[in-house]
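This report refers to the structure that appears directly beneath it.
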Amino acid sequence: MPIKTTLNYSPNFDPKKRQKKSIKFLIFHYTGMRKESDSINRLTDFQSEVASHYLIKRNGEILCFVPEPYIAWHAGKSFWKKHYSINRNSIGIEMSNPGHRFGYPNFTSKQIKSLIKLSKELIRKYGIKKKFILGHSDISPDRKKDPGEKFPWKLLSKKKIGIWHNFSNKYLKIFRRIKLTKSDEKTFLSKLKLIGYFMPSIKKRANKYLIICTIKSFQRRFRPELINGKPDKECLIIAKKLAKLM
């Protein structure tokens, strides 16, 4: 049965159609605006130059801004593995949520239910792999925090949407805040690169900020209990496990 969506077209897309086989990524966002109506207005305003393919409202209603065959302007400057400018290869889904600037409430159960339903349909339709189901902060760690640490990645993985580790919180907590050796730090960063994060040379001082942001992005998604940009033994254990899944 087709998923019910409400059409509310945005002008913010590339007019040339893309081939179905070019769609490889599913990217999740939050809107980051105080009012849901403001988010909808922005995503349909020509001057904003931003739009996703879909938006899921707090009540679970799914809006379609840009038809899937077209490139929507949702990811901006982005990278994952060997892919850059991920707009051209992705479908973007916005979750209506004020975000970190405005209190960052939990996503609603109705939203999550709609998200699972829509994601499963898109995965089936385009053959999207788990390793290419990402958050905006994964692909743009120095610019974005969304969809944030409250996004239900663990639950989604149980529905075969995205990757996750299988360690219990009780086990992992033992290793939290345990400092890494210099060798282990290098291993951790190499695992982030294997997972898919862009990892610049650690020898250049100018790259330090990006590396810290990338670590926070990893923590925000896979270790949301502590987001400090400092890798510890818990982070290393998780990263080693995830690298094997990629």
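None of the figures in this text is laboratory data; all of them are computed from the coordinates on show. Quantities reported herein were computed from a predicted structural model and do not represent experimental measurements. Please note: Cβ atoms are built from the backbone with ideal geometry, for glycine as well, and neighbour counts cover all protein chains shown.
Here are some notes:
- Of the trypsin sites (Lys or Arg not before Pro) found in region 32-132, the ones in coil according to DSSP and having at most 16 other Cβ atoms within 10 Å of their Cβ are Arg34, Lys35, Arg58, Lys77, Lys81, Lys82, Lys129.
- Overall form of region 1-62 per C-alpha gyration tensor (a/c, 1.5; a/b vs b/c): oblate
- Between the amide H of Gly32 and those of Asn97, Gly99, distances stay under 5 Å, these residues lying 5 or more places away or on another chain, with hydrogens modeled in the peptide plane.
- Of Phe167, Phe198, Phe13, the one that fluctuates the most in a GNM where the chain has Cα springs shorter than 10 Å: Phe167
- Take every DSSP beta bridge whose two residues both sit in the chain; close to 35 percent of them are antiparallel.
- Under conditions of 25 °C and 0.890 mPa s, region 126-178 yields 191 µm² s⁻¹ as its translational diffusion coefficient, taking Rh as the Kirkwood radius over Cα pairs in the Stokes-Einstein equation.
- Three principal axis extents of the chain based on alpha-carbon atoms, in descending order, are 53, 36, 34 Å.
- Largest-first ellipsoid semi-axes for region 169-245, taking √(5λ) over the Cα gyration tensor eigenvalues, angstrom: 19, 13, 12
- Normalising the average separation of contacting C-alpha pairs (under 8 angstrom, six or more residues apart) by the number of residues puts the relative contact order of the chain at 19 percent.
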